[in-house]
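In what follows, a structure is listed as C-alpha cells, so that the remarks can point back to it.
None of the figures in this text is laboratory data; all of them are computed from the coordinates on show. This is a predicted model, so every value here is computed, not measured. Note: ideal-geometry Cβ built from the backbone for every residue, glycine included; neighbour counts use all protein chains shown.
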Amino acid sequence: MGCCSGRCTLIFLCTFQLMVALERQVFDFLGYQWAPILANFFHILVVILGLFGTIQYRPRYIVVYTVWTALWVAWNVFIICFYLEVGGLSKDSNLLTFNISAHHSWWSEHGPGCVRREIPASGDPSPDAQSYISIMGCLLEYQYIEVLHSSFQILISLLGFIYACYVISVITEEEDSFDFIGGFEPFPLYHVNEKPSHLLLKPVHQ
C-alpha cells in the first residue's frame, strides 16, 4: 500500500513537473534565453525518464531522476542568485544567452501591467532613427517573476526528490524479499526427481 501511494504521488509530481517545465520552456524561447532552454530540455527528458521508471518499476531510472533533481535545484538556486544579483552577478548581463544576443527575460517587456513604449533617441521621427524602449507600469518586476518561477521549481523538485528516494527504497526492499524466497531462481528450492510412471510399472527381468 505504501509503495502504491508513493508511486502514485511520484507519478503525479513528475507529470506536474513536466507541465511546468514545458510552460517555462515556452517563455525562455520567447526571451531567447539559450542556457535555460538547454537546461529545460534536459530537465524534460529526465522527468520523462523518471516517470517511465516509476510506472514500469525501474529503480535505476528513478535514481537518474533523483540525481538530476538535485542538480536541477542547484541550477534554480543559481537563477535566483542571477536575477537578484547575488555575488557579483548582474541580471542585465548576457550570461544566459551565451553572449550571442542582447535579449533578456520575456517578462521584462510583457509582465503583468507593463506598458511598452518606444522613444526616439534624439527626437528624430525618421524610420531609420534608433529608439529606446521604455517599460512602465509593471505590477511586478520581471526579475521577481523569474525568482518565483525558480522557487516553485525548487519546491516541486524537493518533493519529487523525497518521494523518489522513498519509492526506490520500497522497490528495492520488495526485490530483495522476492529474491530471498527464491523468486528469481530458475528452479524451485526443493526439487524432487520422480521417475516416470511407466518405468515404475515395468517388470524386473531375472
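Numbers at a glance
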| read-out | value |
| --- | --- |
| Point-to-point label distance, I133-F42, nm (Cα→Cβ direction, 7 Å offset) | 2.9 |
| Where labels lie 7 Å past Cα in the beta-carbon direction, separation of F98 and V63 in nm | 3.2 |
| Equivalent-ellipsoid semi-axes of region 12-60, from the Cα gyration tensor, Å, largest first | 24, 11, 5 |
| Calculated FRET efficiency for the pair V26/R117, C-beta based, R₀ 25 Å, to 0.05 | 0.45 |
| Directionally averaged projected area (convex hull, Cα atoms, region 7-110), nm² | 7.0 |
